[in-house]
């Protein structure tokens, strides 16, 4: 079997294994959150309902994406070593980096399917709510001029689906994929999955503060040298996860400029590539 | 630590240094597009608590804002106007790009809270009730002005500011300016320009400018020829003593059809 075929086989196997671990049960919680939110918000104006539905749904997608990425990636190396499957695979002519690549691709597939399912559920609820509000609006405007009805309908549709939600969802996936590759890098150092999970969670929070530390460091304000050194260390060692937080502003109605979206995607891919390469470097010399 | 681990850590550092200009450029681009303008400072930390601040720092500003908005709604149901103002302040700080939050916060303050303050039976002094009402007008206007600073490309907030200035402050000149600025935004609806004309007509010393503005709108065709606009134009023609031949009803007017 050639290397792409091997990678694909490992990826498929990883995906199947994760699905068998009933990972998708989290979708029930997501569905409860989205549908419950939608029902509970009935007392608000339709603009408020849609805004909060987007806030909660995209926020939950980001949380679930990050949790799946960290937990699924942190577990696979220790589990494969415990089950001894890693020895069976690496005893065959499978380079170590291909094994890691296959595993990572499997996790990316799981993330993609999860985020697609969550997006489909979110958009379906949004669409159903839009239909209900449109019917109510038309009923209220009986006897109004066609222009008035068209303006009211436009107001409702503008508050619901916005094409910018798509780049927002893409960036959520990218951030989860970046977290997966960062966790993979950590797991090549670690000896237990708990250590990896704790470290990855800590890095998640530090990564969101990286841009603040960078600003502080580069602003050159007159503070103690060790304080600036710490800021420099944080800026250089950790990824800038705040760069992937476009959804907060997208939900608020802001349009993402193409250059900003492309730059964010490029940065995400670069981080994934670098963390994967470093994982492969460390894993290639690891005693198994 | 073997050499691979050491080199990996060194490479992380080098990559961090190499990627720095890209990160700075992206950050500048994001801010230019009005993204990531939230000021996550100690003031916000005090208002939302440690857990909320951690959530805001971790990229969950919008869900946090939604939860606080629900709290504000509960405060509204209990007519806790002061608490509502505080929550609105936090929500708009968390989501400065949400026009809805600025608009609704201003509406609650300038309309609901102001009316409630004026009808407050617990306050026997009318002077104090009026003062409280004016304070809520001011808070409402303040929300809109800060909203406009954060969303300079939105016509909605400028229209709402014009309405507050017109109906609550009765400052027709300032209201006209707000409507004119709203009308200048590319996707602004046609009523913004009409509202600007109506307010200019009430602004002392700017009647001629108002007439010219309204006449320009009238010449744009049927979409702007609403009864209010036509009646106001006729009234101004009389007040400004416009020559008969130049009046909109004159049969010599080229647009008469």
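The values are calculated or read from the model by the stated rules, or taken from the named source; none is laboratory data. Values in this document were obtained by computation on a predicted structure and should not be read as measured data. Cβ coordinates were reconstructed from backbone atoms using ideal geometry, including for glycine residues, and neighbour counts include every protein chain displayed.
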Review point. Restricting attention to the range A:247-262, and to residues there that are more than 11 Å from residue B:33 (Cα to Cα) and not in a helix (DSSP H, G or I), which single residue is nearest to the other protein chains (Cβ to nearest Cβ)?
Key: A:252
**Study point:** Where residue B:180 falls short, out of the listed (1) over 30 Å from residue B:117 (Cβ atoms); (2) touching a helix residue (DSSP H, G or I) at 6+ places or on another chain (Cβ under 6 Å); (3) assigned to a loop (DSSP other than H, G, I, E, B)
**Key:** (3)
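Residue by residue, here is whether (1) surrounded by fewer than 22 Cβ atoms within 10 Å (Cβ to Cβ); (2) part of a helix (DSSP H, G or I); (3) within 14 Å of chain B (Cβ to nearest Cβ) holds:
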{"site": "A:16", "(1), (2), (3)": "yes, yes, no"}
{"site": "A:42", "(1), (2), (3)": "yes, yes, yes"}
{"site": "A:65", "(1), (2), (3)": "no, yes, yes"}
{"site": "A:80", "(1), (2), (3)": "yes, yes, no"}
Revision key, fill the gap. Note on the range A:237-262: residues under 21 Å from residue B:14 (Cα atoms) and touching a residue at least 60 places away in the same chain (Cβ under 8 Å) are A:239, A:241
Exercise for review: Within the range B:79-93, track down each residue that is free of Cβ contacts under 8 Å to residues at least 24 places away in the same chain and in a helix (DSSP H, G or I).
Suggested key: B:82, B:83, B:87
Study note, to complete from the structure: Restricting attention to the range A:1-15, the residues that are under 22 Å from the mean Cα position of the chain (by Cα) and more than 18 Å from residue A:88 (Cα to Cα) number exactly 1
Revision key, fill the gap. Expected single match for assigned to a helix (DSSP H, G or I), touching a residue at least 60 places away in the same chain (Cβ under 8 Å) and surrounded by fewer than 22 Cβ atoms within 10 Å (Cβ to Cβ) among A:265, A:274, A:234 is A:265
Review point. Which condition does residue A:220 not pass, out of (1) at the interface with another protein chain (Cβ under 10 Å from one of its Cβ atoms); (2) at pLDDT below 90; (3) within 19 Å of residue B:20 (Cβ to Cβ), if it passes all the others?
Key: (1)
Exercise for review: Would you be able to tell me the number of residues in the range A:245-255 that are in contact with a helix residue (DSSP H, G or I) (Cβ under 8 Å, 6 or more places away or on another chain) and surrounded by fewer than 24 Cβ atoms within 10 Å (Cβ to Cβ)?
Suggested key: 1
Review point. Applying the selection to the range A:185-204, what residues are facing chain B (nearest Cβ under 8 Å) and out of contact with any helix residue (DSSP H, G or I) (no Cβ under 7 Å at 6 or more places or on another chain)?
Key: none
